Each structure stands twice: as structure tokens, then as C-alpha cells.
Amino acid sequence: MRTLDFTPLYRSAIGFDRLFNQMEQNLNTNNGGYPPYNIEQRGENQYRITMAVAGFAEAQLDITQQQNKLIVRGTRETQDTDEAREYLYQGIAERDFERKFQLADHMKVTGADMENGLLHIELEREVPEEDKPRKIAINGQRLLESE
């Protein structure tokens, strides 16, 4: 198991406690790699998460954004016991899942769609006007010319 010690950073970085806690939590979280996913940047402020959710219908998937966390859940309906299947090899996972993504500030889910067993979740960073960089005028004292 990989362990990182963030103690030296706590001594010199002020106000980053939440970031370090998230990093520690993500290192200690084991999602098992299921379902597989991609994260791509599609523009300066646009992102897309693509998850392979073969075997799940749209009604079995739930996408929730809660503050800075995106949670994607897949819930399979219970199989009838009458259909006892005997697998020689079972490579397709038939289990529920919950995948969590930590989002940066001002990230917003703008849409989701499913195509060919792939769930696409569109995200966009919307920085409020008051948080955008702005020029600050320097108001110095002006020297008055005496005549």
C-alpha cells in the first residue's frame, strides 16, 4: 500500500487543508477499477467523463452532484432465481457500483447521455464574475505643478 506523508506541506501551505485531506482520502479509496472510465478535457473549461456501463439501462443509473462531489451509481435489478445460469467463464461484471469524483470549485454537470453502453457526463467550469481576474488601478498621489 502506498502511503504519502503530507506533514511537510502542512507546515508551509496555509489554507490547503481540504486539498490535502482529499488527496489522502483518494489515495486510501479503492474503487476496484469498476466500471472503467475516461476523463477528457474538451476545451479550456469543458470536460467529459465516459464510463463503460454495459448491461445497465438508463433507468438503472443515477447521477448526483452534491457540492463538489459527483456520484454515479448503477443498481442492477435482482436476477430471478428461476434462471439459474451455469457460466463456464463470467467476464462481464453484473454488480452494482458507486463511483465518486471530486470536482473543483465552480464545476457544474451540464448534461449526460448514453450511447452504445457508454455513459457520457459533460462538465463545465463556470467561474463567477467576481472570481475572475480583474485589473486593479494604482491610485498614487499626483504632484501638483506650482507656477
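Points worth noting:
- Complete set of residues in the range 54-71 that are part of a helix (DSSP H, G or I) and exposed (fewer than 13 other Cβ atoms within 10 Å of the Cβ): Glu58, Ala59
- Residue list for the range 43-75, restricted to those being more than 15 Å from Gly117 (Cα to Cα) and in contact (Cβ under 8 Å) with a residue 60 or more places away in the chain: Asn45, Gln46, Tyr47, Arg48
- Matching residues, the range 89-126, being in a loop (DSSP other than H, G, I, E, B) and either closer than 21 Å to Gly55 by Cβ or more than 17 Å from the chain's Cα centre (by Cα) (or both): Tyr89, Gln90, Gly91, Ile92, Ala93, Glu94, Arg95, Asp96, Asn116, Gly117
- Selection count where residues are among the aromatic types (Phe, Trp, Tyr) and either exposed (fewer than 10 other Cβ atoms within 10 Å of the Cβ) or modelled with pLDDT of 85 or more (or both), scope the range 6-44: 2
- Test: residue in the range 87-107 that is acidic (Asp, Glu) and touching a His at 6+ places or on another chain (Cβ under 9 Å): no
- For the range 79-95, the criterion of being within 30 Å of Leu19 (Cβ to Cβ) and either modelled with pLDDT under 95 or in contact with a Cys (Cβ under 6 Å, 6 or more places away or on another chain) (or both) is met by none of the residues.
- Residue list for the range 76-101, filter: surrounded by 14 or more Cβ atoms within 10 Å (Cβ to Cβ) and closer than 30 Å to Arg125 by Cβ: Phe97, Arg99, Lys100, Phe101
- Residue check, Ile49 at pLDDT 90 or above, within 15 Å of the chain's Cα centre (by Cα), surrounded by fewer than 14 Cβ atoms within 10 Å (Cβ to Cβ) and of a type in the set (A, V, I, L, M, F, W, C): no
- Residues (modelled with pLDDT under 95 and within 15 Å of Tyr47 (Cβ to Cβ)) located in the range 112-122: none
The values are calculated or read from the model by the stated rules, or taken from the named source; none is laboratory data. Predicted model, so just to flag it, every value in this text is computed and none were measured. Positions of Cβ are generated from backbone atoms using ideal geometry, with glycine treated the same way; all protein chains shown enter the neighbour counts.
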